[in-house]
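Here is the structure we will look at, set down as structure tokens.
The values are calculated or read from the model by the stated rules, or taken from the named source; none is laboratory data. Since we're looking at a predicted model, the values are computed, not measured. Here the Cβ positions follow ideal geometry from the backbone for every residue, glycine too, while neighbour counts run over all protein chains shown.
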Amino acid sequence: MTKRAVDILGASLGLIVLAPVVGVLWILVRIKLGAPVIVTQQRPGRDGELITLRKFRTVRTDDTAKGVLTDDSGTTSFGRRLQASSLDQLPALVNVLKGEMSLVGPRPLSVEYLALYSPHQARRHEVRPGLTGLAQVNDHNALTWEARFDLDVHYVDHHNLWMDLKVMAQTLTRTVASTEHDSQRLSTMMRFVGAPPRDGLTEEPVNERWDDLWDSWQRSTAAMKIGDHEGAEANTTRHWVYLDDREVPIGIAGLSGLGGPELYASLVLGPNHNTSMTVEALLHRLLHNGKAYNAHRIFLRLSETSRELFDRAQQLGFVPIDLPLQGPHTDEGEVLVAFAAQTGT
């Protein structure tokens, strides 16, 4: 009852105090992105029951085939900044007043994810979804889906008034401090495509914690390097570090060209871990992540002289191609292999 009272009070005050902001945003969205200014989406609410979520338009046109409003082909710098600031969520205060949502809780995600959740992840629907949540204030763009869902379930089990107030304060701080860098990252967010391969590895986004390790592997003659991202823009490239069951990093894998249908893959395997089995495991992970980025094909530069690696890649679905393609330059003695990362494409 206390949480619901806070939701009603907070949503009412928000709609009153932020009315001038809502008015300005309405005009800007109408001019820059067109009508309708406020769009609706079906999202799972508490216990998975569908609700109609309201938000400001952030793209030029709806992608009706996907039922989402984040298709990169329709994004603009204004739309990305609007998403990065979270101000596009202000119309959802109406959902809070109606009792369909809360100010704080797991974010309502796409309906298509419902069939992909594990029983543990599905527990995020035991409470009302929120305008913001633990994942959103813990740099959700840099977290894996599994880590985000773990935070959602942690909220379900431990939420209280103090936690809600803390999350709301952190959300306001992040909204004020949102940057162009945040908006660029939002334009290439991963979709949830189900559980990753069961290979016993832990996946973490590469950040400052791993920079020194990555640099040392890049310089090491004992590390194996496959593919590259020559000419790729930093904001369209993502790298992940993979750790074994002893929390020992064994390799770093990356994809570039995010936001487009064709991606380029690269691998750096640590010394003592440069085996064909490790290459296969990391390639399998990249194919999984490629699907999450809606890729049609993933290209990999691989030496044909490495017969065992070449065979492993083919077993995963990579096939040799000799078409002229945009991307990393192919040196003598190497071939470019490609894989259709989505069925039916």
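Within 23 Å of Met190 (Cα to Cα) and buried (at least 17 other Cβ atoms within 10 Å of the Cβ): is that true of Leu243 in this structure? Answer is no for this residue.
Among all residues of the stretch 42-59, there is at least one that is outside any strand (DSSP E or B), in contact with a helix residue (DSSP H, G or I) (Cβ under 7 Å, 6 or more places away or on another chain), modelled with pLDDT of 80 or more and surrounded by fewer than 15 Cβ atoms within 10 Å (Cβ to Cβ). In the stretch 100-124, what count of residues is obtained for those that are closer than 19 Å to Leu134 by Cβ and outside any helix (DSSP H, G or I)? Looking only at that region, the number is 11. Would you call Ala313 surrounded by 16 or more Cβ atoms within 10 Å (Cβ to Cβ), of a type in the set (A, V, I, L, M, F, W, C) and over 30 Å from Thr76 (Cα atoms)? When the stated conditions are applied, Ala313 passes them.
Reported count of residues in the stretch 26-41, each being touching a strand residue (DSSP E or B) at 6+ places or on another chain (Cβ under 6 Å) and assigned to a helix (DSSP H, G or I), is 1.
Cβ-Cβ distances below 8 Å connect the following pairs, each with a first residue in the stretch 240-258 that is closer than 13 Å to Glu203 by Cβ and touching a residue at least 24 places away in the same chain (Cβ under 8 Å), a second residue that is assigned to a loop (DSSP other than H, G, I, E, B) and acidic (Asp, Glu), and a separation of six or more residues or different chains: Ile250/Asp244.
Of all residues in the stretch 274-303, exactly one satisfies the criterion of being in a strand (DSSP E or B) and among the β-branched types (Val, Ile, Thr), namely Ile298.
Residues that are within 27 Å of Leu286 (Cα to Cα), at pLDDT 70 or above, surrounded by fewer than 19 Cβ atoms within 10 Å (Cβ to Cβ) and more than 11 Å from the chain's Cα centre (by Cα) within the stretch 152-195 comprise Val153, Gly194, Ala195, listed in sequence order.
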